[in-house]
Amino acid sequence: MEYCSKCGAQIPEGSRFCPKCGKPVEYTERVYEPEVQESVRTAPRTPAGRQPTETAGGALAVGVLSLFFIFFFLPVGCILGIVALAMGSAASNRGASGAGAAMALGLVSIILGILLLVFAFFVLSSFYYLF
């Protein structure tokens, strides 16, 4: 019995073509060796604009600055907290490391700013009633 050199199907005696793939039969002594395609190895693909080692360094810096400014100049600290939160969210969408910490710093800064504002309002209003 012969076997097709292309697909490996069994070829009946006297056939001139393979019944499965249609390749002409070559009557030589040949052992079936399936065709092997060489695989090309490529580097893992990453989404556009994303690098595997990307960090959220800028967002972290803005978050730290917002905590610093919240105690000295409240409006700037709150605005920087919002910016840190937005930058951390954008970095998180890109899969950058440290994005969660930047978002947490921004959120803490915003909450702390609101608490300080409420505290200052009550302290100042109590001084108003003293005089």
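Computed values, structure above
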read-out: Residue tally, condition out of contact with any helix residue (DSSP H, G or I) (no Cβ under 7 Å at 6 or more places or on another chain) and among the polar types (S, T, N, Q), over the range 71-112; value: 2
read-out: Those residues of the range 61-86 which are of a type in the set (A, V, I, L, M, F, W, C), within 22 Å of the chain's Cα centre (by Cα) and under 10 Å from residue 106 (Cβ atoms), in sequence order; value: 62, 83, 84, 85, 86
read-out: Condition met for residue 89 (within 19 Å of the chain's Cα centre (by Cα) and at pLDDT 85 or above); value: yes
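The values are calculated or read from the model by the stated rules, or taken from the named source; none is laboratory data. This structure is a prediction, so every number in the text was calculated from the model and none was measured. Every residue, glycine as well, gets a Cβ built from its backbone with ideal geometry; the counts of neighbours run over all protein chains shown.
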